[in-house]
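Quick notes on the structure that follows.
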Amino acid sequence: MNIDFYMPVKIFSGEGCVSANQNLFDIGKKALIVTDAESAVISGALEDVSSALDSLGIGFTVFNKIRENPLILTCFEGGTTARNICADFIIGIGGGSSMDAAKAIAAYASNPDIKPEEIFESGLKPSLPLILIPTTAGTGSEVTPYSILTIPAAETKRSFSVPELFPKIAFLDRRYTERLPVSITRDTAVDALSHLVEGYLSRRAIGTSDIFAERGIRLWAQCITALREGEFSPEDRDRLLVASTLGGITISHTGTTFVHSLGYSLTYYHDIPHGRANGMLMGEYLRYTQEYAPQRVSNVLSWLGLADISEFAAIVKELSGSVVELTDQEIKAYAAKAMGSRNVGYSQGEVTEAVLQKVLRNS
Ligand SMILES: [Zn+2]
């Protein structure tokens, strides 16, 4: 059995893990903290990080211009800011958008001569070291080498990935997720589930990634009632955060599948949050995959405690709560666009444009 695995991120978890391990921030003299307008402050993470940096005598500047679906130009600007303040490491605090932007900024900072779009090309100099602190439980970006950025000129999102983008350290404290609104908690939880399920059903799944995926799916299953009712105990928040990180570890090896490739168009053109977009497609994805990997699909359902794919689709749809009507032209265009992405090939079977069109039509 193949268990080859690479996961270089030091993970610290539990209540108060930032303050308890503040010496670990001593990896440079000046930090750029990358975040959005609110989450670092509301979650309490910025307060913990700034007091850790103060106590070590490390200077820092906060760059809080990141918005949902970060634009490459904002990240390019962040890279310039990092160089201007002579930052020698980057701290990302927030959801997937802030953490992915922190990765891009770490890469732009150490590659002053590239144009914004050249970040997707090979041969970049190693990025600045990164510390990531999630304030949502969904993306798993704190343990992956991926950064997903929006390119308005190409009307899509694109991912870049180099091994140096693995953060040095990830801090997981569920208290930072406790003030999230119910809708964001649900959307991000569905994203975590999609990473776990797509990773487990991927052609690239191996013995090691399966262990993380199974554990994550079982933890997620324990939160189904809380997600439906919209009431979360500290234990639920903890389970969702750990499930999300386990999903990140899984896809750091397997990558995602066509669910993510198709979902990007729903996010870009219809403004549907990333997790919700995946959720809308996952029922049909399981129906498609069942033909090629029936035992794996049935394992997923059994770990979730669900009877069949219809029950799975109903729950994910209930949590997503949004419906979008696509025209025939849109369906064709999004399927064609998704075919250009590498992750489509990680799905089971032979995915064609017709398969993707059918998934969109039936979702
Ligand atoms: Zn995702």
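Quick note: the coordinates plus some simple rules give every number you see, no bench work behind them. Nothing here was measured: the structure is a model prediction, and the numbers come from that model. Neighbour counts are summed over all protein chains in view; Cβ atoms, including those assigned to glycine, are modelled from backbone coordinates with ideal geometry.
Numbers at a glance
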| item | result |
| --- | --- |
| Ranked packing of 197-206, 229-238, most packed first, by mean Cβ within 10 Å | 197-206, 229-238 |
| Rg ratio (alpha-carbon, reference 2.2 N^0.38 Å) - region 1-111 | 1.11 |
| Sorted largest first, extent of region 300-363 alpha carbons per principal axis (Å) | 35, 27, 15 |
| Long-range tail of P(r) for the chain (Cα pairs > 25 Å, %) | 50 |
| Whichever aspartates and glutamates have a C-alpha closer than 16 Å to that of residue 115, once near sequence neighbours (fewer than 8 apart) are set aside | 77 |
| Fewest-first ranking of 282, 339, 1, using other Cβ atoms within 10 Å as the exposure measure | 1, 339, 282 |
| Relative contact order (%) - criterion: Cα under 8 Å, at least six apart; region: the chain | 16 |
| Fewest-first ranking of 223, 17, 75, 86, using other Cβ atoms within 10 Å as the exposure measure | 86, 17, 223, 75 |
| Cα centroid separation - region 117-170 against region 57-107, whole Å | 11 |
| Simple label model, 7 Å out from Cα along Cβ direction - residue 115 to residue 270, nm | 3.4 |
| Ranked packing of 286-294, 268-276, most packed first, by mean Cβ within 10 Å | 268-276, 286-294 |
| Residues of region 34-60 with amide N under 20 Å of a point placed 7 Å along Cα→Cβ from residue 12 | 34-35, 40-41, 43-60 |
| Amide hydrogen neighbours beyond the local backbone of residue 135, cut-off 5 Å, H modeled | 94, 95 |
| Cβ charges +1 (Lys, Arg) and -1 (Asp, Glu), total dipole of the chain, debye | 460 |
| Phi-based couplings in Hz for region 108-117 (Karplus 6.51, -1.76, 1.60; Gly and Pro marked x) | 4, 4, 9, 10, x, 8, 8, 7, x, 6 |
| Listed pairs 103/168; 125/337; 30/103; 317/337 exceeding 22 Å between Cα atoms | 125/337; 317/337 |
| Region 1-65 - charge dipole about Cα centre, Lys and Arg +1 at Cβ, Asp and Glu -1, debye rounded to 20 | 280 |
| 222 nm mean residue ellipticity, helices alone, for the chain (DSSP H n ≥ 4; -39,500 (n - 2.57); rounded to 500) | -16000 deg cm²/dmol |
